[in-house]
Amino acid sequence: MTSPKASRGQGSPRPGKRGTGVGKRKPFAPRPKVPRGPVDRFGKEKKGPPSTVSPARQAAFEALLSMEGASKVGESFHLAPSWKGLSPLDNALGREIVYGTTRMRLLLDHHLAAFCDRPLLKLSPSVRIALRMGLYQVLFLDRVPAHAAVHESVTLVKRSDPKTTGFANAILRSLAEKKPLPPPVASTEAGTLALGHSHPEWLVERWLARYGPEDARSMLAADNAPHSLYMRVAPNLRAAVLEALGREGWRVEPIEWPVDAFILSGKGTGLFESESFLRGDWIVQDWAPQAMLELSPLKSGDRIWDVCAAPGGKSVGLSWKAGPAGDVLASDVSPSRVKILRENLRRVGVRNVRVHEGDVKRLPGADKFNVVWLDAPCTGTGVLSRRADLRWRLDPSDVTRHAAQQADLLMEVQRRVYPGGCLVYSTCSMEPEENERRIEAFQAAHPGFRVREVGIPDGYPEFRAASVGWVVLPTPRHDGGYFCVLERTMT
């Protein structure tokens with residue numbers, strides 16, 4: 001038997017060689033069209049809405065996905081490629097979805113788990129995010145049609161994990177049909193409140209024990225409410241700023257106290273591109289820190305040290321309070337935060353503020369001040385509405401860790417207060433270990449400091465007297481925190 005090779009004979013043409021007729025290619029035939037979506041019983045693709053996602057939802061999806069990689073909510077918008085170039089309306093909707101989905105994550109996961117035949121943590125992050133986004137819009141955004149929220153969320157799933165498309169569609173449609181969903185119930189009061197208001201249970205337990213059920217419920221609700229946007233206006237520019245922003249479609253509402261605080265509302269555009277903002281005529285600053293500035297013992301011409309100053313809003317307020325004859329030192333240990341601090345001070349154009357980058361221990365030995373303001377690093381449990389992701393990043397051990405850091409800072413900065421001068425201590429925390437207990441321990445070690453009384457105006461029940469100092473409860477209008485003024489005796 002001859003081999004196949006030998007049977008061709010030497011010099012025989014190879015298969016497929018032109019002109020031989022051997023191995024000639026078959027005429028081209030187009031591939032059969034494969035349906036890309038659901039098909040009917042005849043195998044034809046069903047007609048339906050196009051598989052598109054609005055710019056706002058696409059950008060929100062990308063931002064939420066970046067937070068799975070440990071980015072913070074404020075950073076997520078810069079990490080989402082689709083965020084750049086959004087229209088003002090899409091920007092507003094995208095931010096609402098990002099902040100709302102982040103705040104209400106625990107409640108959303110509770111409802112999703114009830115309809116899910118597999119553990120949520122077994123799903124890919126992209127599928128979990130799309131499901132949360134869709135359910136948040138269905139439950140909390142009445143102006144968004146449920147079918148649009150469901151369809152676009154399912155489209156996001158289809159793009160990232162096609163095998164779970166039908167699963168996601170069934171869950172979201174079932175939840176939308178059963179709206180309103182029953183409120184969650186747990187075995188304890190803290191557990192029920194934690195689920196219903198989407199907070200960590202350990203934090204709810206602390207607030208129930210510290211503030212009682214009524215205040216705890218109010219605080220939890222405030223954390224899930226978008227707060228008003230407050231501004232502080234430079235001295236003598238009130239009328240000019242109100243007129244300039246009014247021309248750009250913004251409504252600026254004066255409030256009774258603090259006198260330089262205003263609420264921004266309306267449907268203007270380009271707020272942070274406006275001439276008055278770029279000139280430094282005003283800054284964005286929440287009501288609580290503005291109220292603390294108003295209550296502080298600040299005089300024109302004072303020498304002031306703003307410890308932990310970045311991003312600079314308080315430094316600007318202190319500069320305006322001290323006046324041209326005053327001198328403000330703004331310091332921070334973080335180079336990246338100092339960069340932001342310098343940029344904000346440059347925009348506002350204050351000339352009586354100098355910046356120190358580095359540890360407080362490296363401050364020149366002769367520097368002393370009429371007022372030292374330590375806005376101490378803390379857990380931030382008074383600003384959970386603004387920092388929507390913080391509630392999921394915190395751990396009970398963070399309270400102890402920050403309290404130790406605050407004690408060290410107090411020990412250092414107290415040496416810089418002139419006799420007769422004041423040490424102002426503030427946090428954006430609601431935890432007593434970081435607030436009144438920190439001051440009690442400081443006074444025990446430094447009896448030369450006594451608490452100075454401040455005059456809280458009538459009609460502000462959010463100010464609550466602590467054993468020393470004042471707690472500011474968060475409300476649907478503003479953040480919360482703690483504030484205390486200590487005066488150094490002359491001896």
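The values are calculated or read from the model by the stated rules, or taken from the named source; none is laboratory data. The shown structure was predicted, so the numbers you read here are calculated from the model rather than taken from an experiment. Don't worry about glycine lacking a Cβ; one is built from the backbone with ideal geometry, like all the others, and counts go over all protein chains shown.
Taking strands (runs of 3 or more DSSP E) that do not extend beyond the stretch 321-383, which have at least 3 residues that are in contact (Cβ under 8 Å) with a residue 60 or more places away in the chain and of a type in the set (A, V, I, L, M)? Correct list: 369-375. The set of residues from the stretch 164-211 being over 24 Å from Val399 (Cα atoms) and of a type in the set (Phe, Trp, Tyr) comprises just one member, Phe167.
Of everything listed in (1) part of a strand (DSSP E or B); (2) farther than 14 Å from Trp373 by Cα, the single unmet condition for Ala441 is (1).
For the stretch 414-423, the count of residues that are in contact (Cβ under 8 Å) with a residue 12 or more places away in the chain, in a helix (DSSP H, G or I), over 21 Å from Asp479 (Cα atoms) and touching a Leu at 6+ places or on another chain (Cβ under 8 Å) is at least one.
Among the residues of the stretch 455-475, those that are modelled with pLDDT of 95 or more, part of a loop (DSSP other than H, G, I, E, B) and not polar (S, T, N, Q) comprise Ile456, Pro457, Asp458, Gly459, Tyr460, Pro461, Glu462, Ala466, Val468, Gly469, Leu473, Pro474. Of all residues in the stretch 272-307, those being of a type in the set (Lys, Arg) and either closer than 23 Å to Leu229 by Cβ or out of contact with any Asp or Glu (no Cβ under 6 Å at 6 or more places or on another chain) (or both) number 2. Total residues in the stretch 464-491 satisfying the condition of being among the aromatic types (Phe, Trp, Tyr) and in contact (Cβ under 8 Å) with a residue 60 or more places away in the chain: the figure is 2.
For the stretch 429-440, the criterion of being surrounded by fewer than 17 Cβ atoms within 10 Å (Cβ to Cβ) and free of Cβ contacts under 8 Å to residues at least 40 places away in the same chain is met by at least one residue.
Leu89 - would you say it is in a helix (DSSP H, G or I) and either in the same structural domain as His197 (by TED's automatic domain parsing) or touching a Lys or Arg at 6+ places or on another chain (Cβ under 8 Å) (or both)? Here the answer is no, as Leu89 does not meet what is asked. Ser71 fulfils the conditions (1) in contact (Cβ under 8 Å) with a residue 24 or more places away in the chain; (2) under 30 Å from Gly270 (Cβ atoms); (3) not in a helix (DSSP H, G or I) except for a single criterion, (1). Among the residues of the stretch 387-395, are any of a type in the set (Asp, Glu) and either touching a strand residue (DSSP E or B) at 6+ places or on another chain (Cβ under 8 Å) or closer than 24 Å to Cys422 by Cβ (or both)? No, the stretch 387-395 contains no residue that is of a type in the set (Asp, Glu) and either touching a strand residue (DSSP E or B) at 6+ places or on another chain (Cβ under 8 Å) or closer than 24 Å to Cys422 by Cβ (or both).
For Leu112, are the conditions met, namely being assigned to a helix (DSSP H, G or I) and free of Cβ contacts under 8 Å to residues at least 60 places away in the same chain? Taking the combined requirement at face value, the residue does not satisfy it.
When the stretch 165-195 is filtered for residues that are over 14 Å from Ala113 (Cα atoms), surrounded by 20 or more Cβ atoms within 10 Å (Cβ to Cβ) and either touching a Ser or Thr at 6+ places or on another chain (Cβ under 7 Å) or small (Gly, Ala, Ser) (or both), the ones remaining, listed by number, are Ala190, Ala194.
Residues that are not in a helix (DSSP H, G or I) and not acidic (Asp, Glu) were ranked within the stretch 271-285; the one that is farthest from the chain's Cα centre (by Cα) is Arg279.
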